[in-house]
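> Below is one structure. I have some questions about it.
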Amino acid sequence: MNRAEILRKAEANEGLTVKEIKIYQKTVKPEKHVYGKYGNLAKQYLQDKGIDWTIANLPEYLHGVDRQADELYDTMYEKLSKQERFRKTGDFMENLKRETEMQQLIEEEILSEIVYVK
């Protein structure tokens, strides 16, 4: 049986033998999606919760999580950097401490509002 017949048979849900399944898997490579930090965290969260992986448009959802996280990060960074407690000083270590604190606040907001949504 050639590959075209196996593909036709698989699309018609006619059932494949083990040998045909191996040929089918070699022929049809699964599309690999690469997600960012927050998309991967959301994917792991869904796995841990046991949510069905047949969710329609899962890759688009996870890419959307990454986009939303990036947008929220930019918005919050711009807003927080204007606050007095996060303004730059002449001291490198103090600036680093303030920047780290601001990033931690943003990270917590992203995780609670976008990634770990119920």
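> Placing unit charges on C-beta atoms (Lys and Arg positive, Asp and Glu negative, everything else neutral), compute the dipole magnitude of the stretch 32-115 about its Cα centre in debye, rounded to 20.
Using Cβ point charges on Lys, Arg, Asp and Glu, the stretch 32-115 gives about 120 debye.
> Report, ordered by chain and residue number, the lysines lying within cross-link reach of residue 26, taken as a straight Cα distance under 25 Å and ignoring same-chain residues fewer than 8 apart.
Straight-distance partners of residue 26: 9.
> Moving to a separate point now. Output the 0 to 90 degree angle, nearest 10, between the alpha-carbon long axis of helix 92-110 and the longest principal axis computed from the alpha carbons of the chain.
Tilt of helix 92-110: around 40 degrees.
> Next up: Return the aspartates and glutamates within reach of residue 79: Cα separation strictly under 15 angstrom, same-chain partners fewer than 8 residues apart disregarded; answer none if there are no such residues.
70, 71, 99, 101, 107, 109
> Still on this structure, I have one more. For the stretch 7-108, what relative contact order do you get, as a whole percent, if you take Cα pairs closer than 8 Å and at least 6 residues apart?
Computed value for the stretch 7-108: 20 percent relative contact order.
> Can I ask one more? For the chain, just run the numbers: alpha carbon Rg, then divide by 2.2 N^0.38 Å, N being how many residues it has.
Numbers: Rg = 22.8 Å, N = 118, 2.2 N^0.38 = 13.5 Å.
Normalised Rg, Cα atoms only: 1.69.
Every number here is computed from the coordinates shown, using simple stated rules; none is lab data. The structure presented is a predicted model; accordingly, all values stated were derived computationally and were not measured. Ideal geometry is used to build each Cβ from the backbone, glycine not excepted, and the neighbour counts take in all protein chains shown.
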